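J.: One structure is given below, represented as structure tokens, and several questions about it will come after.
The values are calculated or read from the model by the stated rules, or taken from the named source; none is laboratory data. Keep in mind that what you see is a predicted model, and the values were worked out from it rather than measured. Note that we place each Cβ from the backbone using ideal geometry, even for glycine, and neighbour counts take in every protein chain shown.
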């Protein structure tokens, strides 16, 4: 006989268990209260979560309460979260800052509290304050972002570059004059993952970048902190036709004995095809005639992404036949190839 799964708590049970002597029970009750905070019992749940934030003896519960208020978009909890930014426990203060940023308030006290944490001795608090300010600060936080490019902590420098990328790279007219110079300095940072992100953002800004930093990420995963940066490095290597990244791209695309388990094998094959790599081009053309619908569709996407002119006839033959490949993917691929030819 298998034991029956316990029934989910009611809101009344969660409110009762939030005052239990055992930490594990209070944490479990808090998780349920977080669920109720977005439903018809929101007011009761948020009131209890706010109490836990202010008075629970466990810093783990208090930090979790701050997160629960953020997840519930509890706009009325601002005053309690402001008080929590002065909690004796650093993790609680960090989660309170995160919650203030998530709530999106433009309250002056919120902004001043967050901005004051930018100079906190704890790097984790400076990091969270910068992220929160990014969410709240509108257009008047350029100087704060610029200053954090030279923070003593690598994680803070990294997030400053990431925020600058989100805010300024797509909008050339709104790009601050200091940004490119700061990125060029950051591409020589002592920490590899900061260098990699700076190299990526420089390229996305339309500037000359450091090919060696990008090739290191492709060939040996040097500097990779986030998977999106690894993928970006592979794609840029193809766009720039970086010969020094060829070995890494080949290993990722084809693996050993033609079998690759690399999560970015498809991107690597596209990058190689952009470089005119014979094997990569041949494999994409062959897969357009592959055995499965999925194989042919992925090959069509790769042909479009690599602007593979030699695939055009095969794609035209697939057009209009949903059994061959996804029609939208085929049409997109043809548009990409024709656009590159016209350019």
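J.: Among the residues of the range 259-271, are any buried (at least 18 other Cβ atoms within 10 Å of the Cβ) and in contact (Cβ under 8 Å) with a residue 60 or more places away in the chain?
T.: No.
Rundown of residues vs (1) on the phi < 0 side of the Ramachandran plot; (2) part of a helix (DSSP H, G or I); (3) under 28 Å from the mean Cα position of the chain (by Cα), yes/no style:
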residue: 262; (1), (2), (3): yes, no, yes
residue: 266; (1), (2), (3): yes, yes, yes
residue: 281; (1), (2), (3): yes, yes, no
residue: 284; (1), (2), (3): yes, yes, no
residue: 291; (1), (2), (3): yes, no, no
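J.: Looking only at the range 219-254, count how many residues are closer than 25 Å to residue 170 by Cα, in contact (Cβ under 8 Å) with a residue 12 or more places away in the chain and part of a helix (DSSP H, G or I).
T.: Summing the residues that are closer than 25 Å to residue 170 by Cα, in contact (Cβ under 8 Å) with a residue 12 or more places away in the chain and part of a helix (DSSP H, G or I) in the range 219-254 gives 13.
J.: Now a separate question. Got at least one residue in the range 323-336 being free of Cβ contacts under 8 Å to residues at least 40 places away in the same chain and closer than 28 Å to residue 209 by Cα? Show your work before the answer.
T.: Looking only at the range 323-336, we keep the residues that are free of Cβ contacts under 8 Å to residues at least 40 places away in the same chain, and these are 323-336.
Filter once more, keeping what is closer than 28 Å to residue 209 by Cα: 336.
Yes.
J.: Quick one: residue 39 ticks every box in (1) crowded, with 18+ Cβ neighbours inside 10 Å; (2) modelled with pLDDT under 95; (3) within 30 Å of the chain's Cα centre (by Cα) except a single one, so which number is it?
T.: Of the numbered conditions (1) crowded, with 18+ Cβ neighbours inside 10 Å; (2) modelled with pLDDT under 95; (3) within 30 Å of the chain's Cα centre (by Cα), the odd one out for residue 39 is (1).
J.: Out of (1) in contact with a helix residue (DSSP H, G or I) (Cβ under 9 Å, 6 or more places away or on another chain); (2) surrounded by fewer than 19 Cβ atoms within 10 Å (Cβ to Cβ); (3) farther than 21 Å from residue 231 by Cβ; (4) at pLDDT 95 or above, the odd one out for residue 121 is which?
T.: (1)
J.: Continuing with the same structure: Of the residues 225, 241, 269, 252, only one is out of contact with any strand residue (DSSP E or B) (no Cβ under 8 Å at 6 or more places or on another chain) and at pLDDT below 95; which? Step through it out loud before you land on a result.
T.: Working: 241 fails: at pLDDT below 95; 269 fails: at pLDDT below 95; 252 fails: at pLDDT below 95.
From the options 225, 241, 269, 252, the qualifying one is 225.
J.: Check off (1) surrounded by fewer than 23 Cβ atoms within 10 Å (Cβ to Cβ); (2) over 25 Å from the mean Cα position of the chain (by Cα); (3) modelled with pLDDT of 95 or more; (4) within 29 Å of residue 158 (Cα to Cα) for residue 62 and give me the number that stays unchecked.
T.: (1)
J.: Still on this model: Quickly run through the range 291-315 and pick out the residues that are surrounded by 15 or more Cβ atoms within 10 Å (Cβ to Cβ) and without any contact (Cβ under 8 Å) to a residue 12 or more places away in the chain.
T.: 295
J.: Right, next: With a cut-off of at least 3 residues that are within 23 Å of the chain's Cα centre (by Cα) and without any contact (Cβ under 8 Å) to a residue 24 or more places away in the chain, name the helices (runs of 4 or more DSSP H) lying wholly within the range 82-154. Step through it out loud before you land on a result.
T.: Details: elements: 90-103, 108-116, 123-136, 142-148.
Helices (runs of 4 or more DSSP H) meeting the threshold: none at all.
J.: Within the range 172-203, which residues are loosely packed, with under 14 Cβ neighbours inside 10 Å and either in contact (Cβ under 8 Å) with a residue 40 or more places away in the chain or more than 18 Å from residue 150 (Cβ to Cβ) (or both)?
T.: 172, 173, 174
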